[in-house]
Amino acid sequence: MKKVTLLGATGSIGLSTLDILERHPERFVLHAVTADTSHARMAEICRRFRPAFAVMRDSAAAAELRVALEPGPTRVLSGDDGLAEIAADPSVDIVVAAIVGAAGLLPTLAAVRAGKRILLANKETLVMAGDLFMAEVGCHGAELLPVDSEHNAIFQCLPAGSIGGLDGAGVERILLTGSGGPFRDLPLEALGDVTPEQACAHPNGDMGPKISVDSATMMNKGLEMIEACWLFGVGQDRIEIVLHRQSIVHSMVSYRDGSVIAQLGNPDMRAPIANALAWPERIGSGVEPLDLVKVSQLDFSAADERRYPCLRIAREAWQAGGTSMAAMNAANEVAVEQFLRGGCGFADISGLIEQVLNRLPPVPAEDLETVLEVDDKARKLARQILQ
Ligand code: NAD
Ligand code: MG
């Protein structure tokens, strides 16, 4: 029986993970769950799974949850300290890192330092501090398994044990697929008028609001390109982004001998989550079997950087190195938050990120303090520019 802690339990990845855990009560027991403010949803989860701990980052939400759950088996904690404490709990085997954004960095790192099996959905952690994070994974003997569907696909297409380096595997390139988001067919001049509701209506999946907007700008693919570089220990020149509107091929690995290995399936995050939870075994996930005859067609095309300037920005941030990626990530989080609130237009997102990057020259990402400082500066600068 494996004990699981789920960071970000109330979100889209969190709920998909709970669905898998519920299918396999003989394998997994949910030990702890965490969330930001959504105490009502958390109360439902706690009644259903009866975990030993629940952490709300927000202390008022924690107080509400305590009242809702009394009397009951779940102890409610709060704040960032509670999050880090639970992520590192010695009795836990698996930590699912499904908090959205930079807020996931410290709790995920706490789990790494405690040497857990980490199921990483929170790509922003690797974008902000990939070098430091991978070094910590190595020195604490943590086991990192990708949950992001593309990275989980690549992981499945590679020889076992390829996290951290592809040397000797005969890999030529990684082909990272992306749907192109809901605006892939919209005339360029119409992009200025799109609404948050339209951006969140992703064609191939029900995701949280931040990643939905990231998918529409394709910053998501930019973040994923950087995520893949750190995870698999390759340069950005070995990663090719390919548009694939059906989201059936989740990514591919092209080998020196001309073979290309792909991982396919219906677009449902329960597949990569189940894969990572049970790896190297295979367990049921509830995902509908793929009917290729019904799909009938798989299209592939190049991504146009005029339509998706965030792809170029992410490439340049990787090339600039150091703290550029942390600054880019922070500026993107502010821009997306503002767009979702109606504070800026969709087409302004990339411009805002570029302005922040131009005004914050990179320094080496030597330690966590430096990264967190740049994250903070980039957020302040982005908010200032937007005023
Ligand atoms: P979501 O918005 O649906 O859920 C986010 C979760 O994080 C919630 O439980 C929320 O309470 C918690 N959270 C938010 N802010 C927090 C804070 N400051 N402190 C602590 N907890 C906080 O997001 P999601 O779509 O589930 O995405 C989660 C992560 O997984 C993101 O990094 C995303 O890029 C990645 N991811 C998501 C999908 C998907 O299909 N949804 C696919 C691949 C990767
Ligand atoms: Mg993905």
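The values are calculated or read from the model by the stated rules, or taken from the named source; none is laboratory data. Quick caveat: nothing in here was measured; it's all calculated off a predicted structure. Cβ placement follows ideal geometry from the backbone for every residue including glycine, while neighbour counts extend to all protein chains displayed. Ligands, DNA and RNA are stripped out before the accessible areas are found, and what is left, the full protein with its side chains, is counted by its heavy atoms. Shrake-Rupley method; radii C 1.70, N 1.55, O 1.52, S 1.80 Å.
Below is a table of values for the structure above.
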item: Two-decimal ratio, segment 59-102, of alpha-carbon radius of gyration to 2.2 N^0.38 Å; result: 1.32
item: Size of charge dipole - the chain - debye, nearest 20, with Cβ of Lys, Arg +1 and Asp, Glu -1, no other charges; result: 560 debye
item: Cα-only Debye scattering, segment 181-257: base-10 log of I(q)/I(0) at q = 0.18, 0.25 Å⁻¹; result: -0.83, -1.26
item: Volume per residue that the Cα convex hull of segment 102-227 spans, once the total is divided by residue count, Å³; result: 124 Å³
item: Asp148 - accessible surface, heavy atoms, 1.4 Å probe, Å² rounded to 10; result: 10 Å²
item: Cα gyration tensor category, rounded, prolate or oblate, for segment 239-311 with a/c compared to 1.5; result: prolate
item: With every protein chain in place, the chain: carbon and sulfur % of accessible area (1.4 Å); result: 50 percent
item: Diffusion coefficient, µm² s⁻¹, Stokes-Einstein with Kirkwood Rh over alpha-carbon pairs of segment 176-329 at 4 °C and 1.567 mPa s; result: 76 µm²/s
item: Convex hull per residue volume in Å³, alpha carbons only, for segment 331-387; result: 66 Å³
item: Rg over Rh [alpha-carbon atoms, Kirkwood Rh] for segment 1-76; result: 0.95
item: Summed residue charge, Cβ within 12 Å of Ala330's Cβ, Lys/Arg positive, Asp/Glu negative; result: -2
item: Long-range tail of P(r) for the chain (Cα pairs > 39 Å, %); result: 12 percent
item: Segment 85-144: mean projected area of Cα convex hull, nm²; result: 3.3 nm²
item: For the chain, accessible area per residue (1.4 Å probe, heavy atoms of protein chains only), Å²; result: 42 Å²
item: Cα-derived Rg over Rh, computed across segment 263-387 with Rh taken as Kirkwood radius; result: 1.12
item: Share of Cα-Cα pairs in segment 7-148 lying beyond 22 Å, as whole percent; result: 33 percent
item: Percent antiparallel among DSSP beta bridges (both partners in the chain, rounded to 5); result: 25 percent
item: Net +/- balance of residues flanking Ala199 in space, Cβ distance below 11 Å, scoring K and R +1, D and E -1; result: -1
item: Net charge of Cβ neighbours under 10 Å - reference Leu223; Lys, Arg +1; Asp, Glu -1; result: -3
item: Pairs of alpha carbons in segment 222-268 whose separation is greater than 18 Å (percent); result: 38 percent
item: Gaussian network model of the chain, springs between alpha carbon atoms under 10 Å - residue of Leu18, Leu231, Leu290 with greatest fluctuation; result: Leu290
